[in-house]
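Chemist: Quick one: structure below, then a few questions.
The values are calculated or read from the model by the stated rules, or taken from the named source; none is laboratory data. Just so it is clear, the structure is predicted and the values come from calculations on it, not from any experiment. All Cβ positions, even for glycine, are placed from backbone atoms using ideal geometry, and neighbour counts span all protein chains on display. What goes into the accessible areas is simple: the full protein's heavy atoms, side chains included, and nothing from ligands, DNA or RNA. Shrake-Rupley method; radii C 1.70, N 1.55, O 1.52, S 1.80 Å.
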Amino acid sequence: MPALEFSESAEKQFLNILSRYPEGHRRAALLPTLHLAQKEFGYMSVDAMEYVATRLELPPSKVLHVATFYTMYNKSRVGQRHVQVCKSISCAVMKAYSLVEYLEDKLGVVAGETTADGKFTLSEVECLAVCGYAPALQCNDDYHIHLGQPAEDGSWPKVDALLQEWGWEA
Amino acid sequence: MPTCTINGQKIDVDRGTTVLQAAAELGFDVPHFCYHPALSIPANCRMCLVEVEKARKLLPACYTQVTEGMVVHTENERVVQARRAVLEFILVNHPVDCPICDQAGECKLQDYYLDYDAQSSRQRTIKVTKIKAFPLGPEVVYDGERCILCTRCVRFCDEVTGTNELTVVERGDRSAIRTFPGRDLDNAYSMCVVDLCPVGALTSRDFRFKCRVWLLQSADSVCTGCARDCSVHLEHHDAEVQRLRPRYNPEVNEYWMCDAGRYTYRELHEDRLTSPLINGASYTWPQVAEKTADILTETVQGVGTESIAFVFSPQASCEDLFVARKFAEEVLGTSRHYMGGKPDGQGDDFLIHADKNPNRNGVKLMFPRGSRPAPFTKLLHDLESGSIRALYMMGSDIPLVGEQRQAFVSLVENLDLLVLQAPRGGELAAHAKIILPTRTHAEKEGTFVNCDGVAQGFGKAIDPKRSAAQDDWRVFVRLAQKLGAALPYAFFKDLRADMFAAMEANSRKTDTAAAPEAPAPAG
């Protein structure tokens, strides 16, 4: 048996997910179940994937296939706040790369890393599908758009405000 | 019955036939990687794109079913251009390391490249590199750079073995074949994925770097690992068998064979008896025949024919067994026949049979019903009771395990005479007064009858290396001549004809389903 198990509320959600699909088509519930598992266990650990496979009665290899295909399933542990900066074309034109560099400076990590206190993970991601509102970033499930442009001193006021809201301390 | 036109030729096909199959029937080879007749059709490699008139785009021939009046072109300019383009895509990140690739020489990518692409790379960026030797399991090594992600191996594990070990991970140019972390590609048929792989991505740990494939010569043979008798390509170089590959046979093994079967080639070269011996001294065949004849005559006079037991080997071919029976009955005059061979092992519900001998049904068919050889345990019993004083054994295998096996070996020590006529020595060689080395199935022609009664002929692949080993039937004929009761065989084909006649006669009397059916003569 895998070491993990859904909590009571996650179990309820899981049963709800299952109820959306016809009997005998548990495989269809794979994507939402993986999201649930990610919320529950933090990231797609081997144990988490194995647990999902057991619950959905699938070969573990098929769970690995799907979990590794989609980048929104995290393959390693992320911080409490997962800051994902869009770097696709519209955002890139609006200086998203400078934004990434700014956040790297502020948080003291390189994109893809987590801060030492485990509070923030910074990632670059592909298109967040809000090209009209660039530059944009996503923090956990929330979108933050129209992040403006850097001030003369290179700082990003709107981003500073966000960081403050998230309880970031210099 | 839709009728279609392929490259100007009309053909009637059954409903559901694909364009690729219809084209193959007309003799047009549509190049393909991911399509395999025994697996599902994902149409992911795009190599088999063909032009169907009235369809706007090119269609995958492997997946498109023939419809009435369809007009197909598989070799026109547009199709050839598409193949070139597909190959260019496939080769974007391919390392082109053919000189160190085991697949070179039997690689579909290599062949198609020369047929359709044959241009230098136009790519000006650095290729994506990946791990070159990733062990997927105990038998198979994966090279991510060479992989074209056709997923044949994945589908084999899903659909044929049902073990689901393999999958594609990641996406885009990071995609690779992997197992779930902590699990191996470890099933009884895992090496089939090496045959399935159209490129050099999956290689067999056993065969890796052992021999270039263009040096191999191939003979149609039969696997001797169990009573299934899978048809194989027995591939050899320099008088040594290098590997076995399954040979398509819809009546026996289709496209597959088990891993254990693939390793049976090893014992073809292990522990071989190379020279006729009497009391440890080496002789030529004429000398040994004369001396053996003398010893046998002496024994017959001393202990009587009924104290001589003859063990028939289900490892031997039907032809050899046919002459062996004549030798035992007509020349030695003994009717005490026993069944030798290897002890039973594990079987499964696919190909692997619990009986680890290729020709048990062949032995049975050499005898009329009611006079078939007694089980080996009976021999053990008869040895214990002392009613047997001399033993003529075909094959050195002992179908006993544990204490019974030890008991047998120690009882053999006390015999007046043990003649061992076998390709390998084993634990009995030390106790045999006379040793007559014989050929393995790779070194002779013959016939095996499998567990379902299918008779298959196998051809000679190699000559025994630095060895005087002879065909079993030639040894019997030689001894019979010296014993004054000549067996009338000089040519294999006469012997084979007589053998099949006898086999048919013996099976004709059968009335129950338990007996193997009369096999058709092997072509």
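Chemist: For chain A, what does -39500 (n - 2.57) per DSSP helix run (n ≥ 4), summed and divided by total residues, give at 222 nm, in deg cm²/dmol to the nearest 500? Show your work: numbers first, answer last.
Modeler: On the way: 7 runs with 71 residues, N = 170.
Roughly -12500 deg cm²/dmol at 222 nm, from the helical runs in chain A.
Chemist: Taking the simple approach of a point 7 Å from Cα along Cα-to-Cβ for both B:Glu25 and B:Asp344, what is their distance in nm?
Modeler: Here the answer is 4.5 nm between the modelled labels.
Chemist: According to the square roots a ≥ b ≥ c of the eigenvalues of the Cα gyration tensor, what is the shape class of chain B, taking rounded for a/c under 1.5, prolate for a/b larger than b/c otherwise, and oblate for the remainder? Let's see the in-between values first.
Modeler: Details: a/c = 2.62, a/b = 2.10, b/c = 1.25.
Since a/c reaches 1.5 and a/b is larger than b/c, the shape of chain B is classed as prolate.
Chemist: How well do other chains shield peptide A:58-67, expressed as the mean number of their Cβ atoms within 10 Å of each residue Cβ?
Modeler: What the average comes to for A:58-67 is 6.
Chemist: Quick check on packing: order B:436-449, B:193-206 by the mean number of other C-beta atoms within 10 Å, highest mean leading.
Modeler: Numbers: B:436-449: 24.9, B:193-206: 22.7.
Descending packing order for the listed peptides: B:436-449, B:193-206.
Chemist: State the Cα centre-to-centre distance between region B:461-505 and region B:1-76 in whole Å.
Modeler: Here the two parts' Cα centres lie 50 Å apart.
Chemist: Assigning unit charges at the beta carbon (Lys, Arg +1; Asp, Glu -1) and nothing else, what dipole magnitude in debye, to the nearest 20, does chain B show about its Cα centre?
Modeler: The calculated dipole for chain B is roughly 900 debye.
Chemist: While we're on this one: Would you give the gap between the C-alpha center of region A:49-81 and the C-alpha center of region A:137-170, rounded to a whole Å?
Modeler: Going from one Cα centre to the other spans 30 Å.
Chemist: With r as the distance between the Cβ atoms of B:Lys57 and B:Asp14 and R0 = 22 Å, compute the FRET efficiency 1/(1 + (r/R0)^6) and round to 0.05.
Modeler: So the FRET efficiency works out to roughly 0.30.
Chemist: Can you bin region B:3-90 into rounded, prolate or oblate? Criterion: square roots of the alpha carbon gyration tensor eigenvalues sorted a ≥ b ≥ c, rounded for a/c under 1.5, prolate for a/b above b/c, oblate for the rest.
Modeler: Oblate, because a/c is 1.5 or more while a/b does not exceed b/c.
Chemist: Taking square-rooted eigenvalues a ≥ b ≥ c of the alpha carbon gyration tensor, is region B:201-346 rounded, prolate or oblate, where a/c under 1.5 means rounded and, failing that, a/b exceeding b/c means prolate?
Modeler: It is prolate, given that a/c is not under 1.5 and a/b is the larger ratio.
Chemist: Can you say what percent of the DSSP beta bridges in region B:3-90, counting only those with both residues inside, are antiparallel? Round to 5.
Modeler: 80 percent
Chemist: Helix A:96-107: angle to the longest alpha-carbon principal axis of chain A, degrees 0 to 90, nearest 10?
Modeler: 90 degrees
Chemist: Still on this structure: Sort B:43-52, A:45-54, B:308-317 for me by packing, meaning the mean count of neighbouring Cβ atoms within 10 Å per residue, highest on top.
Modeler: Highest mean packing first, the order is B:308-317, B:43-52, A:45-54.
Chemist: Hey, another quick one. Just tell me which lysines come within less than 26 Å, Cα to Cα, of B:Lys57; anything on the same chain fewer than 8 places away is out.
Modeler: Within the straight-line limit of under 26 Å, B:Lys57 reaches these lysines: B:Lys10, B:Lys108.
Chemist: Computing the accessible area with a 1.4 Å probe over protein heavy atoms, can you report the carbon and sulfur percentage for the protein assembly as shown?
Modeler: With neighbouring chains kept in place, the figure for the protein assembly as shown is 50 percent.
Chemist: Counting only other residues whose beta carbon sits under 15 Å from that of A:Ala3, what net charge do I get with K and R as +1, D and E as -1? Before the final figure, lay out each step's value.
Modeler: Values: positive: A:Arg55; negative: A:Glu5, A:Glu40, A:Asp47, A:Glu50.
It works out to a net charge of -3.
Chemist: Principal axis extents for the protein assembly as shown, Cα atoms only, whole Å, descending order, please.
Modeler: 117, 64, 49
Chemist: A further question follows. Pull out the extension gain between B:Asp220 and B:Arg266, defined as 0.36 nm times the separation in residues minus the alpha carbon to alpha carbon distance; nm, one decimal. Kindly include the intermediate steps, with their values, before the conclusion.
Modeler: Numbers: separation 46, 0.36 × 46 = 16.56 nm, distance 1.74 nm.
Contour length minus Cα-Cα distance gives 14.8 nm.
Chemist: I've got another one for you. Compute the label zone of A:Tyr21 within region B:136-166: residues whose backbone N is under 15 Å from the point 7 Å along Cα-to-Cβ.
Modeler: Answer for this model: none.
Chemist: To continue, here is another question. What nm value, rounded to one decimal, do you get for the distance between A:Ser76 and B:Arg508 when each label is placed 7 Å out toward the C-beta?
Modeler: 7.8 nm
Chemist: Output needed: Cys residues of chain A lacking any neighbouring Cys C-beta below 4.7 Å, sorted by number.
Modeler: Cysteines of chain A left without a disulfide-compatible partner: A:Cys127, A:Cys131, A:Cys139.
Chemist: So which helices of chain B fit the span-like rule, where a helix is a whole DSSP H run, its Cα atoms reach 18 Å or more along the axis, and its mean Kyte-Doolittle is at least 0.0? List each step's numbers first, then the result.
Modeler: Working: long enough: B:77-90 (20 Å, 0.24); B:285-303 (26 Å, -0.10); B:492-508 (24 Å, -0.43).
For chain B, where a helix must reach 18 Å along its axis and average at least 0.0, the hits are B:77-90.
Chemist: Out of all DSSP beta bridges in chain B, what portion is antiparallel? Express it as a percent rounded to 5.
Modeler: Restricted to chain B, the bridges split so that about 65 percent are antiparallel.
Chemist: Which lysines does A:Lys12 reach when only Cα atoms under 16 Å apart count, and residues fewer than 8 places away in its own chain are ignored?
Modeler: Cross-link targets: A:Lys39.
Chemist: When averaged across all projection directions, what area in nm² does the alpha-carbon convex hull of region B:91-175 cover?
Modeler: 6.8 nm²
Chemist: Average partner chain C-beta neighbours within 10 Å, per residue of B:462-475?
Modeler: 0
Chemist: So what is the calculated 222 nm ellipticity per residue for chain B, using -39500 (n - 2.57) for each DSSP H run with n of 4 or more, over all residues, to the nearest 500 deg cm²/dmol?
Modeler: -7000 deg cm²/dmol
Chemist: Test of understanding: what is the full-extension gain from A:Thr54 to A:Lys39, defined as 0.36 nm times their sequence separation minus their Cα-Cα distance?
Modeler: Value of the extension gain: 3.6 nm.
Chemist: With the crude spin-label approximation of a point 7 Å out along Cα→Cβ, what separation in nm comes out for B:Arg205 versus A:Cys131?
Modeler: Distance between the two pseudo-spin positions: 5.0 nm.
Chemist: I would also like to ask the following. Once the Cα gyration tensor of region B:277-360 is diagonalised, what are the square roots of 5 times its eigenvalues, in whole Å and ordered largest first, as equivalent ellipsoid semi-axes?
Modeler: 31, 16, 12
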